[in-house]
Amino acid sequence: MAEKALINVALIAPEIPHNTGNIIRLCANTGARLHLIEPLGFDLADNNLRRASLDYSDISDVIIHKSTNAFLESMDGSDIYAAIPDGSVKYTSPSYKPGSTILFGRESLGLSEEIVSNIDPTRRIRIPMRPANRSLNLSNAVAIIVYEAWRQMNFMDSLDLKHHNNELYFS
C-alpha cells in the first residue's frame, strides 16, 4: 500500500475534464492524493484534462478505482468527510488530520443519498453560500476545502514564502 497521503481527495464519477485537470494541479501543489472513482465522464487522455492539469499529471499522486466500494475498502481507517451543499457542519468545523479524505460527487448530481447516508452527520461538510445560489464549481469547492485542511496542518511539507527588502522569494 502507498504511503499515507497528507490529504485524500476523492471524486466519484467526475464528468468534466477541465475540473479534474484543475484538481490534479491543485493536488500536485498541495501534496494531496487524488482518487478518481469510475465511471469517469471522459478519457484520461482528453486534451482538456491535459490542458487544465498542465504538466502536473506527471508529478501528482492519482489513483483510479473501479467502484465506490473498491475505493471505500482501500480507505479503511481514514476519516471520510462528504462535501455536500446541505452538510450539517461548515467545512471549517472538522479537525482534519493527515490521511483525512474528502469525498465529492459528480458535477451534475453531487453525492448519492446512499453514500451520504453512510457518512456520519458530523462529517457531512458544506461551504457557506448566498441563499439564492445552488452550488460552486467542483474544482473551486475542492480547492477551498483542501486549503482549509492543509491550513489546519500548518501547511505541512510546503515551501514558505518570505519577504526580504520588499521582495517575495521562496525559502
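The values are calculated or read from the model by the stated rules, or taken from the named source; none is laboratory data. Everything quoted here is computed from the prediction, not taken from an experiment. Please note: Cβ atoms are built from the backbone with ideal geometry, for glycine as well, and neighbour counts cover all protein chains shown.
Among the candidates S100, S112, S139, the residue that is modelled with pLDDT of 95 or more, among the hydroxyl-bearing types (S, T, Y) and in contact with a Phe, Trp or Tyr (Cβ under 8 Å, 6 or more places away or on another chain) is uniquely S100. Report whether or not R130 is farther than 15 Å from V146 by Cα and modelled with pLDDT under 95. In short, yes. Of the residues I145, I115, I119, only one is more than 13 Å from the chain's Cα centre (by Cα), surrounded by 11 or more Cβ atoms within 10 Å (Cβ to Cβ) and assigned to a helix (DSSP H, G or I); which? Every option except I115 fails the conditions. Of the residues making up region 109-156, those that are under 27 Å from L40 (Cα atoms) and in contact with a Lys or Arg (Cβ under 8 Å, 6 or more places away or on another chain) number 4. Taking region 122-142 as the range and being among the hydrophobic types (A, V, I, L, M, F, W, C) and more than 12 Å from the chain's Cα centre (by Cα) as the test, the residues that pass are I125, I127, M129, A132, L136.
Within region 105-130, the residues that satisfy the criterion of being within 16 Å of S88 (Cα to Cα) and either of a type in the set (A, V, I, L, M) or in contact with a strand residue (DSSP E or B) (Cβ under 7 Å, 6 or more places away or on another chain) (or both) are L111, I115, V116, I119, T122, R123, R124, I125, R126, I127, P128, M129.
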